[in-house]
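Visitor: Take a look at the following structure, please.
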Amino acid sequence: MTMVQLSTPQPARQTNPTIKAQALAYLIFERPDLQVAETFLSDFGLRLARRDADALYFRGTGTAPWCYVVRRAAAPRFVGFGFAAGSRADLLKLASLPGASGPQACSAPGGGELVRLTDPAGFSVEVIHGQAPVAALPHRQPLPANQTDQLPRINATQRPPHAAAEIVKLGHAVIEVADFQAVCAWYTGHLGLIPSDVQVLPDGSPIVTFMRLNLGDTPADHHTLAIAQGFMNGYNHSAYEVVDVDALGMGQRVLREQGYRHAWGIGRHILGSQLFDYWEDPWGDKHEHYCDGDMFTADVPTGIHPVSAEAMAQWGPAMPRTFTAPKMNRAALKALWHNLRHSPDVTLRKLITLKRLFG
């Protein structure tokens, strides 16, 4: 891809962040119907870890005790994230920030202690330490694939099970924000996230950043959090790793059979390289199955690239216009008017350019 210049100070790697988060631990959602939520998430491939009167906790097959919580509420809403800290000392550093809570015991599966913060976009950010891991659940191994010069499968057929995709772990979340610069600075400055790649408009203004954890020489997913410029704050999608492309395809078949709405896929991304398939839950929130993503160590520099609909995938169906289209209602129109007047990052020119690029 053609490399271009970034015209604003963020996103940028911070030399001395408050802490360096070690993992994206979980996501927090509110839903009016827990049974409907449980049915979708089970069909999607998550496993129920614990059922409370007003909350459901889900896990993958890995050792994390949970990665997704649904809390009962009157209206559907994405609340925020949980990140894992490397030490209790890290929690104390975060607890000293303005607006942060003190360390509190966590009553969710795995226990631990957490500090609650709020990012500049209003999303809740919980940082947890001391969770007890659980035993991994069995899942099938990736199917051996015959290649032109490698034939590991002789006198044997391929028969992936007809079942929901087995989710191994939570991979990443993507949010849209009005104050792009402030939100990016918050995550790089306080959680130590590293911009892996940044997409920019023709004038050099950053529009999307893909951020990874800073784990030093330990490889980290290409992105754990992606932040996109929008005219209001909101959830875009979250992503969950499956074992191989057959899980991706069979997961699509099962979800189609259950009548869920397909959003986009199957294809392969350019930035991050993941094979992907996106689905909407019963409230219209996108959830992604993925496999075969890029892994970067901390020394890989940030890439800067022009943004376009074509830059989202190497192959697969064209990204539908509905994939990035905001849900326009009274609240959205109010946010648009407010942020055009008050956000330094939301301009009419920028919104017109985005409309031209994405339709």
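Taken together, the values in this text are just the output of simple stated rules run on the coordinates, not laboratory data. Since we're looking at a predicted model, the values are computed, not measured. Don't worry about glycine lacking a Cβ; one is built from the backbone with ideal geometry, like all the others, and counts go over all protein chains shown.
Visitor: How do Phe296, Phe44 line up, fewest other C-beta atoms within 10 Å first?
Guide: Placing the least packed residue first, the sequence is Phe296, Phe44.
Visitor: Summing -39500 (n - 2.57) over the DSSP H runs of n ≥ 4 in the chain and dividing by its residue number, what mean residue ellipticity at 222 nm do you reach, to the nearest 500 deg cm²/dmol?
Guide: After summing the helix terms and dividing by residue count, I get -5500 deg cm²/dmol.
Visitor: How many nm separate the modelled label positions at Ala74 and His338, each set 7 Å beyond the Cα in the direction of the Cβ?
Guide: That separation, rounded to one decimal, is 1.8 nm.
Visitor: Please work out the FRET efficiency for the pair Ser101 and Ala53, using the Cβ-Cβ distance as r and a Förster radius of 22 Å; give the result to the nearest 0.05.
Guide: The computed FRET efficiency comes out at 0.40.
Visitor: Fully extended, how many nm does the chain gain between Ala163 and Thr297 (0.36 nm per residue separation, minus their Cα-Cα distance)?
Guide: In short, 44.8 nm is gained.
Visitor: With the alpha-carbon atoms as the only input, what is the per residue convex hull volume for segment 197-247 in Å³?
Guide: 134
Visitor: Related question: If I require 24 Å or longer along the helix axis, counting alpha carbons, and a Kyte-Doolittle average no lower than -0.5, what helices from the chain are left? Use full DSSP H segments.
Guide: Working: long enough: none.
Membrane-span-like by this rule: not one helix.
Visitor: Taking the inverse of the average 1/r across all pairs of different Cα atoms in the chain, what Kirkwood radius in Å do you get?
Guide: 21.2
Visitor: Counting only pairs 8 or more places apart or on different chains, how many lysine pairs in the chain have C-alpha atoms closer than 27 Å?
Guide: Summing the qualifying lysine pairs gives 11.
Visitor: Also, I was wondering about something else. 7 Å from Cα along Cα→Cβ at both Val134 and Ser42: what's the point-to-point distance in nm?
Guide: 1.5
Visitor: Order these by the 10 Å Cβ neighbour count, fewest first: Ile28, Ile194.
Guide: Ranked by crowding around the Cβ, least crowded first: Ile28, Ile194.
Visitor: Ranking Tyr57, Tyr240, Tyr187 by Cβ neighbours within 10 Å, fewest first, what do you get?
Guide: Least crowded to most crowded, the residues run Tyr57, Tyr240, Tyr187.
Visitor: Given the C-alpha centroids of segment 9-30 and segment 81-127, what is the distance between them in whole angstrom?
Guide: What the calculation gives is 12 Å, centre to centre.
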